[in-house]
Amino acid sequence: MAKQDKDVSLDAALLDEGTDPRVYELGFHLDPELPSDEANKEFNKVHDLVASKADIVAEGASQKVQLAYTISRQETSGRRDFDSAYFAWIVYEATPEVHAEVVAFAGAEKKIIRFIDLLTTKEAARHAVEMHELSLKMPEVNEDAEVSPAGTDLDTALENATI
């Protein structure tokens, strides 16, 4: 019973934003048909809005990605399906009022096809940036390439193996 009461109070604390600044993450997909310089301009529009009203903790500029699943959106001209998009994100510390402005802006921006808004921490955002930087330093693995030990094919290597 005490565990349940603790969970309920935690949920209530998350819902009751009050007036103190909190850390939010806005991740968003931009229309993949935009030229890359236009996608960067759209990212900068969101970035400039956030920077003018809040403290930016971390960010990731727009980068074109294949989506894990198709995103469909109803538009005035009909349904549009997206299999790729430019993805960008911004973590910022702001008051609930500023947060509401940022979310309203993202929802109204037609070139943003989908966005997610999360409550996070500065530490989690900085850790994500560190992990991303580490992944960039890792050599890329080509899973399609055949590996042949010492210049021979695998069958020959196994035939000559001694136990």
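At a glance:
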quantity: Any hit, region 46-55, residues being in contact with a Pro (Cβ under 7 Å, 6 or more places away or on another chain) and surrounded by fewer than 15 Cβ atoms within 10 Å (Cβ to Cβ); calculated: no
quantity: Within region 14-51, tally of residues that are closer than 20 Å to Thr120 by Cα and of a type in the set (Ser, Thr, Tyr); calculated: 2
quantity: Residue tally, condition out of contact with any strand residue (DSSP E or B) (no Cβ under 8 Å at 6 or more places or on another chain) and aromatic (Phe, Trp, Tyr), over region 91-107; calculated: 1
quantity: Top-ranked residue in region 109-148 [being at pLDDT below 85 and of a type in the set (Ser, Thr, Tyr); ranked as nearest to Ala94 (Cα to Cα)]; calculated: Ser135
quantity: Count - residues of region 77-135 that are over 18 Å from Val23 (Cβ atoms), of a type in the set (Asp, Glu) and under 17 Å from the mean Cα position of the chain (by Cα); calculated: 2
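The values are calculated or read from the model by the stated rules, or taken from the named source; none is laboratory data. This structure is a prediction, so every number in the text was calculated from the model and none was measured. Heads up, the Cβs are rebuilt from the backbone with ideal geometry, glycines too, and the neighbour counts pull from every protein chain shown.
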